[in-house]
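Step one of this worksheet: look at the structure below.
The values are calculated or read from the model by the stated rules, or taken from the named source; none is laboratory data. Treat the numbers as computed from the prediction; the structure is a model and nothing was measured. Using ideal geometry, Cβ is built from the backbone for each residue, glycine included, and neighbour counts are taken over all protein chains shown. With ligands, DNA and RNA removed, areas are computed over all heavy atoms of the protein, side chains included. Shrake-Rupley method; radii C 1.70, N 1.55, O 1.52, S 1.80 Å.
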Amino acid sequence: METIRIPIIAGDGTGEDIWNASREIFEEAVLRSTGNTKRIEWIPVIAGLKALEHKDLLLPPETVDAITECSLALKGPLTTPVGGGFRSVNVYLRQMFDLYVCMRPVRWFRGLPSPLKKPEAVDIVIFRENTEDLYRGIEWQAGSDDARIVISFLKDKMGVDLRPDSGVGIKPISRTGTQRFARWSMDAAIRMGRRVITIVHKGNIMKYTEGGFREWAYETAAGYDELSAEALPGKIEVNDRIADNMFMQVISRPADYDVLLCPNLNGDYLSDACAALIGGLGVAPGANFGDNVAIFEPTHGSAPKYAGKDMVNPTSFILSGAMLFDHIGLAGTGDMIRRGVERTIQEGIVTYDLARQLDGARPVSCSGFGSEVIKRLHA
Ligand code: NAP
């Protein structure tokens, strides 16, 4: 029997709950969908708070080595303290492995609650640039020596007058970063047979960063025969929308949107907003891709107030795992997992987050949901 080695970072907060509820689903789905010819060997590794506690390091070398060796990992949420403490390990992981594309499919299926009248129109793939923008983490605390130096430099050399008690951040968006991201995302959109690509930006205000993102993404699109800036038969249309309008459009006209290409910060906001259209953060999966490594993780965070209560929805994590199997060429396993989840939710068997939005649902625990999905893992 062939063994598939997968590093797993269960994560902080509710990470253990969702991992415990999902593990057997992945193992069973691989066995059943491959006719018992493949099995998973998990490689448990740690990062973030647990790694700080046990190893005094945010990202131990064993974790980095395992991910590098396997070229992938499945990851639960990691807690990042607000304000002081360390910078996000999630952001650090993305930068360390140069995971420059974050992909978040948002698709409604029957049984999911939605604030929309026609939720079946929601089938959008969000691609978010993952390494640049304000998430680069270049900022200086108000009152610090560094902030004073930057503020003086801006005043003396650039004629920019900032209040002396300002915190200051830098928003870098490059042609190189945008175009490698746009190429990856456009290739994926073509492979997936999508119909429209929308470049999302706030280029009317941030002309040289978000405006650059728009211009460079269009430049990339111009190199593809399959894409067109006009709606033409047989071609994928490429258009653009200003970010604030985009937030309205995904709610008011979701059927018009198919693939969104977003800079880092707007992509983060939009992913959560779109998740609300299909039941919330508990059901929205995600993956981060670089040229050598891919890390699959739910859109939500560690929801610490629910930690250890066996309550939260493991669907986002389960569907992120399904994306991992698609990525390693086991699309049959991914499909089996997705069908198992859909059947369970369609029968009204859901965790608290969906139950509170649905009439007549049968609420189950996090692990209870996992057990119900296993019963529905069949072709
Ligand atoms: P969060 O953990 O995503 O939780 C926000 C709310 O979303 C929860 O209170 C809950 O809503 C809902 N939710 C989250 N996960 C859910 C699940 N599995 N099932 C059902 N509902 C779920 O966001 P946060 O409270 O802003 O962040 C907490 C920590 O996570 C922070 O340290 C943050 O930095 C970190 N974080 C990590 C990642 C990552 O690892 N990639 C991503 C985002 C945030 P209700 O209270 O309404 O039930």
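Miscellaneous remarks
- Selection within the stretch 283-313 - near the ligand (Cβ under 9 Å from one of its atoms) and under 17 Å from D123 (Cα atoms): V283, G286, T299
- Taken over the stretch 327-370, the criterion of being among the acidic types (D, E) and either within 12 Å of the ligand (Cβ to nearest atom) or open to solvent by 60 Å² or more (accessible area, probe 1.4 Å) (or both) is satisfied by D335, E347, D353, D359.
- Among residues of the stretch 267-292 that are under 22 Å from C366 (Cβ atoms), those with a Cβ under 6 angstrom from a residue that is surrounded by fewer than 24 Cβ atoms within 10 Å (Cβ to Cβ) and among the charged types (D, E, K, R), sequence gap 6+ or separate chain, pair up as G280/D353; G282/D353.
- Pairs meeting the criteria (first residue in the stretch 232-257 and open to solvent by less than 80 Å² (accessible area, probe 1.4 Å), second residue in a helix (DSSP H, G or I) and among the polar types (S, T, N, Q), beta carbons under 8 Å, at least 6 apart or on different chains) are R241/Q249; A243/N266; M246/N266; D256/Q249; Y257/Q249.
- Subset of the stretch 258-281 that is open to solvent by less than 20 Å² (accessible area, probe 1.4 Å) and more than 22 Å from G177 (Cα to Cα) - its residue that is nearest to the ligand (Cβ to nearest atom): G280
- Of the candidates S228, S316, the single residue that is among the hydroxyl-bearing types (S, T, Y) and under 12 Å from the mean Cα position of the chain (by Cα) is S316.
- Of the numbered criteria (1) buried (at least 16 other Cβ atoms within 10 Å of the Cβ); (2) touching a strand residue (DSSP E or B) at 6+ places or on another chain (Cβ under 7 Å), the one I138 fails is (1).
- Criterion violated by P81 - all others in (1) modelled with pLDDT under 95; (2) more than 16 Å from the ligand (Cβ to nearest atom) satisfied: (2)
- Wholly within the stretch 1-71, helices (runs of 4 or more DSSP H) carrying at least 2 residues that are open to solvent by 50 Å² or more (accessible area, probe 1.4 Å), aliphatic (A, V, I, L, M) and more than 17 Å from I318 (Cα to Cα): 49-55
- One residue from V91, V125 being away from the ligand (no atom under 14 Å from the Cβ), under 17 Å from the mean Cα position of the chain (by Cα) and not polar (S, T, N, Q): V125
- Within the stretch 260-317, being among the acidic types (D, E), within 25 Å of I349 (Cα to Cα) and not in a loop (DSSP other than H, G, I, E, B) holds for one residue alone: D272.
- Candidates E69, E132: the one that is more than 27 Å from D272 (Cα to Cα) and charged (D, E, K, R) is E69.
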